[in-house]
Every structure is written in C-alpha cells, then in structure tokens.
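To keep things clear, I will list the structure first and then write my remarks on it.
The values are calculated or read from the model by the stated rules, or taken from the named source; none is laboratory data. The structure displayed is predicted, hence computed values, not measured ones. As a convention, Cβ positions derive from the backbone with ideal geometry for all residues, glycine included, and neighbour counts pool all protein chains shown. Heads up: the accessible areas ignore ligands, DNA and RNA and are worked out on the full protein's heavy atoms, side chains in. Shrake-Rupley method; radii C 1.70, N 1.55, O 1.52, S 1.80 Å.
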Amino acid sequence: MHLPIRAQGTTLTNEQAKTIDDEFFLSNPLSHFSSRISMLLETARSKYEANPENEREFFEALGLHNAGTALKFDTQHRSVQVAIDALSLRHQAAEALTRFIYARVAATPRDRDAKSNWLAIADSPTRMIEVIEANKTALDADPHRFLQLLFPPDAVVEGPIEGAAGTAAAWADHAAWLLTTDELSINAAHNKLKHGLATSARGDVRIELITTPPNEDGTIPTSAFGEGKSIPLFDRPMLTYLSRPPRELRQGLEAVSSASTFP
C-alpha cells in the first residue's frame, strides 16, 4: 500500500480525500466478510481431527516446543469457536453496513475537511444508536435517497431491480434491528465476545424432551432416551452469556443461551 499524501495543513483536501477513498475501495472491504464467511463454512464442514502432526505445527507457530495441556483443543472446541465467530461476524457486518450508510447519507465533514467516505466512517459516532438515528433522519427526509445509493441516476427501478432494491432495504433494516434490539440481549452477547470473551461456550450440551417420567429421586434412566421415547430439541454448540435487561424492565440478572445454526 502506498498513500502519496503530503502534509499540507490541518484539514483534509479534496485531493487527499480522493487518495484515501481510492485506497479504501481498492482494498475491497466486502471481501473481508466474504472470505470470513467462507472460512467459517469450511471449518464447520471440515473433518479436522487433532493429532500429533497438527499439534506440532500449532506449537511451532506459537514459538513453543510444548505447552502441556493448557493449549489443547479438539474438534468439538473448533465447532464451538465457529459458533462464536459466526455471532461476532454477523454483528460486525451489521455495524459495517450501518456505518457505511451513515457515511453516504448523514455524515457532515468536520471543520473544513473535504468529504471522504473512509473518514466519515472513521469519524462516525461511537454509539450505534446515534448512527442509526442520523441515518433514519436523513432517509426519512428524502424517500429516494436510499435508491440513489444503489443505482445510477438514469436507472429504471422496476421488476427484478425493484425486488433487489427491496431486499437491500430489508437487509439494512435488519442490520439496524440487530444493533438496537433488546430481544435476548443480542448486543450484550456481542459486546461480551468483543471485549474479553465473557461468555460460556459449550459443545457438549444436548436438550431432549422425554416422555418417560423421572425416577422418584429425580434421576433419569438412559432407557428414557431414544427413538420413540424422546425428542431431540437441539444438539449444537451453545453460547451462554450473562446480561442485565434494560432498567425499565426491572428484572434481575439473566443467563441467556443461544444455539449455533451451523451444521
């Protein structure tokens, strides 16, 4: 990468804005998400098994000869990590889309800076609710503004093109919903993953509905499980996190579990 920018003052010039925007778009930001999704799918479907050869390569990559059992992992741990990364990636994609829309419809350059997409994203408000509210205000003020983000001025938006535009708008709305909803405290889960992994991730949890009553002491015999005797509800990696609901709900601490949708 080479950015031929000279220090000419304290504000961004039009020429500098074009240079950094060219660099931003030539880096193909979308490929970040496409490649990560591909990597997650490949990992989820792989038949990787921990073995001495793989472990030796693993330790050598870390510059270690042997770390005992502290860094050991197995196939189940990898599947759990796929579930964690998938949740993080979904939220990152939603935030990236929402901030990009902000840069295009709501951002105002600071001071005398020239208009720059990359800088507008970097300077966007820290709080997502401010970004989303600014987007809503700008798009409500001009019903055609969102279509202008998708098509050139002379485009005829009808038929399949109109359907594509509707799909794009629905995804933008869904991204905003993911970033603001209080349902199951989705944002709390993402933040706890992003800021220190304050979660419990398990791949050995199975929940089944049984038709045989438990024993008098509360235990359940293994004979109660099986085809025609129990109904599997899910057997997938599960992420559990602690969160406190919004104050207005006046509820206590919640432990929320979410099952992975990966096969």
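Values computed for the structure shown
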{"read-out": "Residue-level accessible surface for MET39, protein heavy atoms, 1.4 Å, Å²", "value": "120 Å²"}
{"read-out": "Full-extension gain in nm, LYS18 to LEU242, via 0.36 nm per residue minus C-alpha separation", "value": "76.2 nm"}
{"read-out": "Pairs of Cα atoms farther than 17 Å apart, the stretch 80-166, %", "value": "60 percent"}
{"read-out": "Förster-model FRET efficiency, 41 Å R0, SER34 and GLU208, C-beta, rounded to 0.05", "value": "0.65"}
{"read-out": "Rounded to the nearest 10 Å², the accessible area of TYR48 at probe 1.4 Å", "value": "50 Å²"}
{"read-out": "Gain upon complete extension [ARG45, ASN215; 0.36 nm per residue less C-alpha separation]", "value": "57.3 nm"}
{"read-out": "Peptides 87-99, 218-230 ordered by average Cβ neighbours within 10 Å, highest first", "value": "87-99, 218-230"}
{"read-out": "Net length gained if the chain between ASP173 and PHE25 were fully extended (0.36 nm per residue, minus Cα distance)", "value": "50.9 nm"}
{"read-out": "Spacing of the two label points (7 Å from each Cα toward its C-beta) at THR11 and PHE234, in nm", "value": "5.3 nm"}
{"read-out": "Residue-level accessible surface for ILE161, protein heavy atoms, 1.4 Å, Å²", "value": "70 Å²"}
